[in-house]
Ligand SMILES: [Zn+2]
């Protein structure tokens, strides 16, 4: 009897507490976005409510704000699913949606998924941007273009946690503006509550891409539309009469592709927001994001055996890749006509647009043979730091001495338009050399590193590499010699 009374008391108090446990945006009736302090308080409450939720408070933003990283697990051996939101500080609803997810986790409502998977969550990667409703971080940097350079502490934190937990599936959460001036002028624009995108880089194994596109996206679509929200696969570019459309980018400087290059299945969520207004339609934005994020968790839990197999297949395949596509672009090879349901500028109603402007085939335009490794100048502080942040291990150059070393020389440059940008590349010629000063180099042995990721970052003709960034232009010496050497 005593036990029964105690049980009833516990149940009552739990129910009372859990009803009181609402997200800050709910508390404000969606009249304002969650501030940093409210977020920290909410996470503290979630952690105290459910011991399966652990918070790591060791990471900090540029302006010194703690960036909480949550690990939610019932079994540390479970494969990990990684969701991170708000790299762009003015894309607030991803974070709000994530707080709804954390609320359900705290209340134990997602326990059935936690039997199969553990969750790694960063609800607000860019708290400095959040506080001033700004895309960029405290250094004025776009975090979702920093995953090659890895200069920003917020991006370093994403990857430190990636390396620690080796997630099999990642979701990078954003918002987009669909009704821009060009689209309104075009006569119709995007109003999908949720778009989701898959990996498009040519070198990601086809099996991963077709599973993501053929199985994950339809699953997410069903959940999102089932909850009453509109959905489409994520495209950028257009409108169709002005420019082509493509399935996002093959670039590796963003959250989705940089984690995909390491073998994870990786996705992006893009929820619709209103330009310049962080509060407009916040309830729908937050709850549609919550629905999409939760759908990914459900998808991962339901398909975890297949996802583990694909992760193994992808990470092992990428570790033996013998050539790397360093320049790629999107084409419509089949002349296919694609259909979009857009919102008409004139009537505000759904309108069907047919176009051949969607370029859905990614084609490699330049490939290089995967080398055995690279030699980098040992005294270069920026490269040394980059290796640490990018997760690259180096060894003494003596390890490379039995192999052939090549200098990469650029006598001429050429321009190529890729993903709508005119990019200038050195026309590289390889020249075999004898390394007389091995002490001045460190060796990046590709058998001990993530091959695809390192080759794409270090080849001077790579459209994704360090050399395309101003901060690394010095790598090409005045006499046309690239400071990094190739080892075969
Ligand atoms: Zn974004």
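Quick note: the coordinates plus some simple rules give every number you see, no bench work behind them. Please read these numbers as outputs of a predicted model, since none were measured by experiment. As a convention, Cβ positions derive from the backbone with ideal geometry for all residues, glycine included, and neighbour counts pool all protein chains shown.
Structure data summary
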| quantity | calculated |
| --- | --- |
| Residue 423/residue 225 FRET efficiency (R0 30 Å; Cβ-Cβ; nearest 0.05) | 0.20 |
| Rotationally averaged projected area of the chain (alpha carbon convex hull; nm²) | 25.3 |
| Relative contact order of region 381-447, defined on C-alpha pairs under 8 angstrom at six or more residues apart (%) | 40 |
| Beta bridges by DSSP in the chain, antiparallel share as percent, to the nearest 5 | 70 |
| Neighbour-count order for 235, 355, fewest beta carbons within 10 angstrom listed first | 355, 235 |
| Model label zone, residue 28; criterion: amide N under 19 Å from point 7 Å along Cα-to-beta-carbon; scope region 171-200 | 175 |
| Simple label model, 7 Å out from Cα along Cβ direction - residue 163 to residue 302, nm | 3.6 |
| Contour excess over end-to-end distance, with Cα ends at residue 474 and residue 365 and 0.36 nm allotted per residue | 36.7 nm |
| Helical mean residue ellipticity (222 nm; -39500 (n - 2.57) per DSSP H run of 4+; nearest 500) of the chain | -9500 deg cm²/dmol |
| Region 371-487, Rg to Rh (Cα coordinates; Rh as Kirkwood inverse mean 1/r) | 0.95 |
| Paramagnetic reach from residue 284 (point 7 Å along Cα→Cβ, amide N under 17 Å) across region 97-125 | 97 |
| Projected label distance in nm at residue 242 and residue 372, using a 7 Å step from Cα toward the beta-carbon | 5.2 |
| Rounded to 10°, Cα long-axis angle of helix 2-20 versus longest principal axis of the chain | 60 |
| 427, 419 arranged by Cβ crowding within 10 Å, fewest neighbours leading | 427, 419 |
| Relative contact order, percent, region 242-314 [alpha-carbon distance under 8 Å, six or more residues apart] | 31 |
| Computed lengthening from residue 401 to residue 145, 0.36 nm per intervening residue step minus Cα-Cα distance | 88.6 nm |
| Mean separation of Cα contacts under 8 Å (6+ apart) over length of the chain, as relative contact order % | 14 |
| Chain lengthening between residue 179 and residue 440 when straightened (0.36 nm per residue, less Cα-Cα) | 88.5 nm |
| Between helix 93-106 and the chain: long-axis angle, C-alpha atoms, 0 to 90°, nearest 10 | 60 |
| Angle between the chain longest axis and helix 282-302 axis [Cα atoms, degrees, rounded to 10] | 70 |
| Relative exposure of 393, 405, 155, 177, judged by other C-beta atoms within 10 Å (fewest first) | 393, 177, 405, 155 |
